[in-house]
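Asks: Provided herewith is a single structure, encoded as C-alpha cells, for subsequent inquiry.
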Amino acid sequence: MEPPRSDVPPVLAGLLRDAVLLVERGTATPTDIDTAMRLGAGHPAGPFEVLASLPPDVRRELGPPTTLPPGRVGAPRFSADGGGWTGPVGVSGTGHMAGGIVEAVARSGRPVRVLARSRQSGQRLLDALSSRLDRAVSRGRIEAAGRTEVLGRVSVTEDPAALADADVVIEAVAEDLDAKAAVVRLLDAALPTAVPLATNTSSFRVRDLRPFVTSGRPVVALHFFNPAQVMELVEVVVPDDLRGADELRSTASAWVRALSKTPIACADSRGFVVNRLLIPFLNDAVRLHETGVPAPEVDELLRSAAGHPMGPLALIDLIGIDVTVAALQSMAAVEDDPRISPATTLHQLAAAGRLGRKTGAGFHDYP
C-alpha cells in the first residue's frame with residue numbers, strides 16, 4: 001500500500017471527521033474502520049491511516065479532531081479463538097446478493113439451502129451460479145470437479161421448515177423493510193429458536209428487524225459486499241444486549257474467516273461502518289460538483305490526489321442514484337446531520353430517470 005499523500009482534498013474532511021465520530025460513539029475501533037474502508041470501499045488507506053500521515057497544519061485545515069477521547073476503543077473486538085458454524089447454512093432470497101452469498105458459502109465446503117419464493121426464482125439462482133462457475137473454470141480459477149462439488153452443495157426449497165437444521169439462516173432479500181419484515185416473520189415461525197437469524201441489510205439496523213421476531217431467537221447482521229462471492233469484507237453486527245453476545249460475535253466472525261473473508265465488528269447503527277462513511281462522502285462530492293466543478297474533475301480529483309480507484313460520482317453511477325438517495329434517507333431518518341440529506345442534484349437526476357449505469361446515464365453517460 002502506498003502511503004497517503006499529504007495534500008488530501010478538502011472534500012474528504014467530512015469522511016475523516018465521521019471516522020473519528022464513529023470511534024467516539026463506540027461503533028468500531030480505528031483498526032476495524034481502516035480495514036473496512038480499504039476492503040469494503042477500495043480506499044488505498046483507511047481514514048485513521050490518512051489522519052496519521054497528515055502534517056498538523058493540514059489536519060487543522062481539514063478540521064477533524066486529531067485525538068480520541070481516552071478509554072473509547074469502539075465496539076468489542078471478536079476473539080481470534082474459537083470455531084465458527086460448520087454445518088448447513090440457510091439463505092433466504094434468490095437475487096444477486098443472495099446468489100453471491102450462496103456461492104461464497106458453498107465454495108467453503110458447507111451445504112447451502114436456499115429459500116425461494118418460487119421454483120422459477122430458485123432455478124434462476126442456480127442458473128446464475130452455474131454460469132459464474134463455468135466462467136471460473138474457463139479462466140482456470142477452479143477445476144471442473146470443484147465446480148460440480150460446489151453446485152452439489154446447493155439445494156433450493158420453497159418450504160422454510162427445510163432450513164430447520166441450519167447453523168444460521170441469512171436473510172438476503174430486497175433492501176426494503178416491509179419485504180425483510182415479511183421474510184423474518186416467516187422464518188421466525190418456521191425455525192427452531194436456537195437457529196440464529198442474520199440479515200444482510202446495508203441500510204437498516206438489527207433493531208429495526210427485531211420487533212418482527214417473537215420467538216426470542218438471536219438476530220444479528222452479516223453484511224456482505226457486492227459481489228459477495230468476491231468481496232473480502234463482512235461487517236459482523238451482534239447487539240450487545242443479546243444473551244451470549246460475545247460468544248455469538250466470535251462464532252460469526254470465525255465463520256466469516258472460514259469463508260476466506262475478513263470480518264470486522266461494529267455496533268448496530270444505520271450504515272454500520274462502510275456505508276455510514278462512504279455514502280455521506282459521496283454526497284459531499286455531489287455538493288462539490290454543485291459549486292460548479294465538472295463531474296469529470298471531481299472524479300479525477302479523488303483518483304489522483306487520494307488514490308481512489310474510482311471517482312465518487314462514477315461510483316454513485318455504479319451504485320445507482322436511486323439506491324444512493326435511499327441510503328442517505330435511511331441514515332437521515334435516525335441522524336440529524338445536514339450532510340446526510342441527499343444533495344439536490346441527486347433528486348434531480350432521479351426525477352429525470354438518470355439513475356446511473358443501469359439506465360445508461362447519471363453523472364456520466366454510458367454507451
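Asks: Pick from R59, R205, R249: which residue has the top mean-square fluctuation in a GNM of the chain where Cα pairs under 10 Å get a spring?
Replies: R59
Asks: Separate question: So what are the ³J(HN,Hα) numbers for the stretch 313-328, from phi and the Karplus equation (6.51, -1.76, 1.60; θ = phi - 60°), rounded to whole Hz, Gly and Pro as x?
Replies: In residue order, the calculated couplings are 6, 5, 5, 4, 4, 6, 5, x, 4, 5, 5, 5, 4, 4, 5, 5 Hz.
Asks: For the stretch 174-301, what is the largest minus smallest coordinate of the Cα atoms on each principal axis, given in angstrom and ordered from greatest to least?
Replies: 57, 32, 26
Asks: Just grab the label-to-label distance for N226 and S260, each label 7 Å out from Cα along the Cβ direction, in nm (one decimal).
Replies: About 2.4 nm, to one decimal.
Asks: Any idea what angle helix 274-290 forms with the longest principal axis of the chain, computed on alpha-carbon atoms, 0 to 90 degrees, nearest 10?
Replies: 40 degrees
Asks: For the stretch 161-176, take each phi angle, set θ = phi - 60°, evaluate the Karplus expression 6.51 cos²θ - 1.76 cosθ + 1.60, and give the result in whole Hz per residue in order, putting x for glycine and proline.
Replies: Once rounded to whole Hz, the list reads 5, 5, 9, 5, 9, 6, 6, 7, 10, 9, 7, 9, 9, 4, 7, 9.
Asks: Right, next: Can you tell me the dipole magnitude for the chain around its Cα centre, using point charges on the Cβ only (Lys, Arg +1; Asp, Glu -1), in Debye to the nearest 20?
Replies: About 680 debye.
Asks: Separate question: Relative to the first principal axis of the alpha-carbon coordinates of the chain, what is the inclination of helix 245-258, with its axis defined by its Cα atoms, in degrees from 0 to 90 and to the nearest 10?
Replies: The two axes meet at around 90 degrees.
Asks: So how tilted is helix 119-138 from the main axis of the chain? Cα-based, degrees 0 to 90, rounded to 10.
Replies: 70 degrees
Asks: Could you give the dipole magnitude of the stretch 161-289 about its Cα centre, charging the beta-carbon of Lys and Arg +1 and that of Asp and Glu -1, in debye to the nearest 20?
Replies: 160 debye
Asks: Can you give the calculated 222 nm mean residue ellipticity of the chain, where each DSSP H run of n ≥ 4 adds -39,500 (n - 2.57) and the sum is split over every residue, rounded to the nearest 500 deg cm²/dmol?
Replies: -14000 deg cm²/dmol
Asks: Let me ask something else. Which far-off residues, 5 or more places away or on another chain, put their amide H under 5 Å from the one on I170, with H placed in the peptide plane?
Replies: Residues meeting the amide H criterion: G90, V91, S92, A198.
Asks: With bins 10 Å wide starting at 0, give me the P(r) of the chain over every alpha carbon pair, in whole percents.
Replies: 5, 23, 32, 26, 12, 2, 0
Asks: Indicate the gyration tensor shape class of the stretch 205-262 (rounded, prolate or oblate), computed on the Cα atoms with a ≥ b ≥ c the square roots of the eigenvalues: a/c under 1.5 is rounded; otherwise a/b larger than b/c is prolate and the rest oblate.
Replies: oblate
Asks: Under a Cβ-Cβ cut-off of 14 Å, what is the net charge of the residues other than E171 that fall near it, where Lys and Arg count +1 and Asp and Glu count -1?
Replies: Once positives and negatives cancel, what remains is +2.
Asks: Moving on. Sequence-distant or interchain residues sharing an amide H contact under 5 Å with G356, placed H: which?
Replies: For G356, the qualifying residues are I321, A361, G362.
Asks: Turning to a different aspect of this structure: Out of I319, G42, A190, whose Cα points farthest toward the positive end of the dipole of the chain (charges: +1 Lys, Arg; -1 Asp, Glu; placed on Cβ)?
Replies: With unit charges placed on the Cβ atoms, the residue in question is A190.
Asks: By how many nm would the segment from A245 to Q329 grow when fully extended, if each residue of separation counts as 0.36 nm and the alpha-carbon distance is taken off?
Replies: 27.3 nm
Asks: Quick one: what Rg and Dmax do you get for the stretch 266-367 from the alpha carbons, in Å?
Replies: 13.2, 41
Asks: To continue, here is another question. Counting heavy atoms of the protein chains only and a 1.4 Å probe, report the per residue accessible area for the chain as a whole number of Å².
Replies: For the chain, the per-residue accessible area is 43 Å².
Asks: Ok, one more. So which residue, out of D127, D246, D317, gets the largest mean-square fluctuation from a GNM of the chain using Cα contacts under 10 Å as springs?
Replies: Among D127, D246, D317, the largest mean-square fluctuation in the Gaussian network model of the chain belongs to D127.
The values are calculated or read from the model by the stated rules, or taken from the named source; none is laboratory data. This is a predicted model, so every value here is computed, not measured. As a convention, Cβ positions derive from the backbone with ideal geometry for all residues, glycine included, and neighbour counts pool all protein chains shown. Ligands, DNA and RNA are excluded from the accessible area calculation, which covers all protein heavy atoms including side chains. Shrake-Rupley method; radii C 1.70, N 1.55, O 1.52, S 1.80 Å.
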